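The values are calculated or read from the model by the stated rules, or taken from the named source; none is laboratory data. Here the structure is a predicted model, which is why all the values come from computation and not from measurement. A quick note on method: Cβ atoms are made from the backbone with ideal geometry, for glycine too, and the neighbour counts reach across all protein chains shown. Areas reflect the complete protein model, heavy atoms only, side chains present, ligands, DNA and RNA absent. Shrake-Rupley method; radii C 1.70, N 1.55, O 1.52, S 1.80 Å.
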Amino acid sequence: MHADRIWRNARLATLAGDTAGMGIVERGLVAACDGRIVYCGEESQAPQFTGADEPIDCEGRWITPGLIDCHTHLVYAGNRAAEFEQRLAGASYEQIAHAGGGIASTVRATRAASAGQLLAESLPRLDALLAEGVTTIEIKSGYGLEWPTEQRILTAIRSLAAERSVSITATFLGAHAVPAGQDADRYVDALCNEMIPSVAQHRLADAVDAYCETVAFSGLQVERVFTAARQHGLLVKLHADQLANLGGAALAARFAAVSADHLEYTDEAGVVALARAGTTAVLLPAAFYFLRQTQLPPVEALRRHAVPMAIATDSNPGTAPLTSLLLAMNMAATLFRLDG
Ligand code: DI6
Ligand code: FE
């Protein structure tokens with residue numbers, strides 16, 4: 001068999017569907033030809049290769065498939081370190097939001113940032129994820145809450161994809177918070193009648209997300225946003241049931257959402273709805289950790305109903321200020337018991 005690069009003496013996580021667990025091969029070999037894998041498996045059963053240089057000895061290190069971070073808010077300006085301190089002193093996320101901090105504070109910093117600044121602040125965050133083996137990333141807008149800034153963020157997301165060798169999907173999260181001083185329903189009108197049509201027309205995003213919480217949008221408002229998104233041929237996904245059970249999981253399922261994310265307060269009926277709709281449950285243990293939450297997502301019910309689960313960083317300046325998917329995976333094991 002022809003190969004131009006060979007890695008040997010590696011531990012492989014093949015995730016092969018027909019094997020138990022992660023499909024681990026303890027002494028594995030990977031061979032590639034013209035950028036494609038031509039062999040991946042036991043070193044002892046590998047065929048003879050021609051054309052390759054001396055094999056690279058991995059000395060027992062892991063080789064895994066490229067990691068996917070399917071929920072991030074990487075593009076924003078400023079930081080919210082001071083709010084972390086306020087929370088340590090006892091203030092809740094909701095109290096800080098009601099006092100004009102939280103998402104609104106990042107919105108102020110992001111509106112004031114130029115396209116160049118946004119890109120410069122976001123690139124190191126992207127690079128940190130890439131250094132860990134992430135090859136596919138979803139990035140949401142949502143720190144503009146007005147068209148010029150939302151458009152600037154979505155354009156920055158597309159620029160990041162051009163800067164690095166990585167697959168990036170963009171999600172329009174105009175329904176992240178109600179802009180300061182605006183009426184929520186009027187803002188939803190603008191989302192449905194102006195912003196979502198523009199997103200679709202200029203192909204600035206692949207999906208539409210919304211934040212369904214008492215500090216953000218009601219189920220009825222999210223339904224309007226999702227109806228507009230579907231009319232314009234965009235996928236939908238939802239920040240659901242993170243801080244309270246507002247029926248977010250069932251709502252996401254009604255619109256055949258690709259994912260429902262967080263789900264700490266989702267009940268059994270919500271889990272059943274996700275299973276029927278084929279919606280993926282995205283668990284975000286870093287937000288759970290940074291908010292010092294105690295309500296665990298219904299992992300056992302998700303397993304029982306065979307809902308596909310994914311772990312993501314939720315990388316954002318407020319509730320998940322981290323750029324490590326490996327740490328999020330570790331937290332999923334330690335905090336959510338997703339350990340096997
Ligand atoms: N993802 C979000 O978008 C919100 N929470 C979460 O887990 C708010 C993020 C923020 O506070 O900026
Ligand atoms: Fe999020």
Reported set for region 134-157 where residues are within 20 Å of Asp183 (Cβ to Cβ) and either buried (at least 24 other Cβ atoms within 10 Å of the Cβ) or within 13 Å of ligand 1 (Cβ to nearest atom) (or both) is Gly142, Gly144, Leu145, Glu150
Looking at Ala252, is it surrounded by 18 or more Cβ atoms within 10 Å (Cβ to Cβ) and in the same structural domain as Val225 (by TED's automatic domain parsing)? yes
Those residues of region 323-340 which are out of contact with any Phe, Trp or Tyr (no Cβ under 9 Å at 6 or more places or on another chain), over 18 Å from Glu138 (Cα atoms) and open to solvent by less than 80 Å² (accessible area, probe 1.4 Å), in sequence order: Ala332, Ala333, Leu338
Of the residues in region 291-303 that are touching a residue at least 12 places away in the same chain (Cβ under 8 Å) and open to solvent by 40 Å² or more (accessible area, probe 1.4 Å), the one that is farthest from ligand 1 (Cβ to nearest atom) is Leu296
Criterion first (crowded, with 22+ Cβ neighbours inside 10 Å and among the hydrophobic types (A, V, I, L, M, F, W, C)) does Leu284 satisfy it? yes
For region 1-113, give me every one of the strands (runs of 3 or more DSSP E) that falls completely inside it and has 2 or more residues that are open to solvent by 40 Å² or more (accessible area, probe 1.4 Å). 5-13, 24-33, 36-42
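Residue by residue through region 114-134, note down the ones that are among the aliphatic types (A, V, I, L, M) and assigned to a helix (DSSP H, G or I).
First, pick out the residues of region 114-134 that are among the aliphatic types (A, V, I, L, M): 115, 118-120, 123, 126, 128-131, 134.
Ala115, Leu118, Leu119, Ala120, Leu123, Leu126, Ala128, Leu129, Leu130, Ala131 - these are the residues of region 114-134 that are among the aliphatic types (A, V, I, L, M) and assigned to a helix (DSSP H, G or I).
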When you check Arg276 against the structure, is it at negative phi and more than 16 Å from ligand 2 (Cβ to nearest atom), yes or no? yes
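Away from ligand 1 (no atom under 13 Å from the Cβ) and closer than 14 Å to His262 by Cβ: which single residue out of Ala332, Ala306 fits that description? Show your work before the answer.
Working: Ala306 fails: closer than 14 Å to His262 by Cβ.
Criteria check complete, one pass: Ala332.
Go through region 188-202 and give me each residue that's surrounded by 20 or more Cβ atoms within 10 Å (Cβ to Cβ) and touching a residue at least 40 places away in the same chain (Cβ under 8 Å). Give the derivation first.
First pass over region 188-202, keeping only residues surrounded by 20 or more Cβ atoms within 10 Å (Cβ to Cβ): 188, 191-192, 195-196, 199.
Of everything in region 188-202, those that are surrounded by 20 or more Cβ atoms within 10 Å (Cβ to Cβ) and touching a residue at least 40 places away in the same chain (Cβ under 8 Å) turn out to be Met195, Val199.
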Which condition number does Ala205 fail, the rest of (1) closer than 30 Å to Leu335 by Cβ; (2) crowded, with 18+ Cβ neighbours inside 10 Å; (3) touching a Phe, Trp or Tyr at 6+ places or on another chain (Cβ under 8 Å) being met? (1)
